[in-house]
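The values are calculated or read from the model by the stated rules, or taken from the named source; none is laboratory data. For clarity, every value in this text was computed on a predicted model and none was experimentally measured. FYI the Cβ positions are ideal-geometry reconstructions off the backbone, even for glycines, and counts take in every protein chain you see. Surface accessibility is based on the protein's heavy atoms, side chains included, excluding ligands, DNA and RNA. Shrake-Rupley method; radii C 1.70, N 1.55, O 1.52, S 1.80 Å.
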Amino acid sequence: SLTSVIIGNSVTSIGDVAFYSCDSLTTVTIGNSVTSIGNSAFGYCTSLESIDLSNVETIAAYGFDFCPSLTNIVLGTSVTSIWRNAFMDCENIVINCYSNTYAHQYAIDNDIPYILLDETTMSTFLFRRSFESNTTNSSSLENIEERSIPSLEDKLDDYIHLLTLQAI
């Protein structure tokens, strides 16, 4: 049972269903030359936890369908196409991306929590789901809130101020 994969820099594309249903796969390292992820390439990789797709341009339909353990994905500025259902049933996913990019807009349009990598104070959008008791057992999004994480520079300024006060 496959638990880890390293895809070298000579590979440019991960084909359709390449790792489909590799349910023991937890770690994937993708080389810098990979620019596309095929249909269901990582579909049903139920143990996959995180993946860095910084250089990927295209993620096809169901690329990461039903990966419930996938919590962290990095998408770079080069991404130009992500099919709407690329992360279907990835309920715990957080997209790490840059502001005003295709990946950022994709996260917003698809109600996926995201972290902006280029902010001095990183903004994390947290979503709390409340489950409605109706016949379809659907969930709704409510109470969207933004929290800022102080930058290292702010923390350092606070620490210097504290040391100055202690010296007085």
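Side notes on the structure shown:
- Estimated FRET transfer efficiency (residue 69, residue 16; beta-carbon r; R0 30 Å; 0.05): 0.85
- Using a simple spin-label model with pseudo-atoms 7 Å out from Cα toward Cβ, residue 24 and residue 55 lie 2.9 nm apart.
- Of the listed residues 91, 49, the order by accessible area with a 1.4 Å probe, largest first, is 91, 49.
- Largest to smallest accessible area among 114, 62 [probe 1.4 Å]: 62, 114
- Global geometry of segment 4-66, whether rounded, prolate or oblate, following the gyration tensor of its Cα atoms and the 1.5 cut on a/c: oblate
- Multiplying the residue separation of residue 111 and residue 81 by 0.36 nm and subtracting their alpha-carbon distance yields 9.1 nm.
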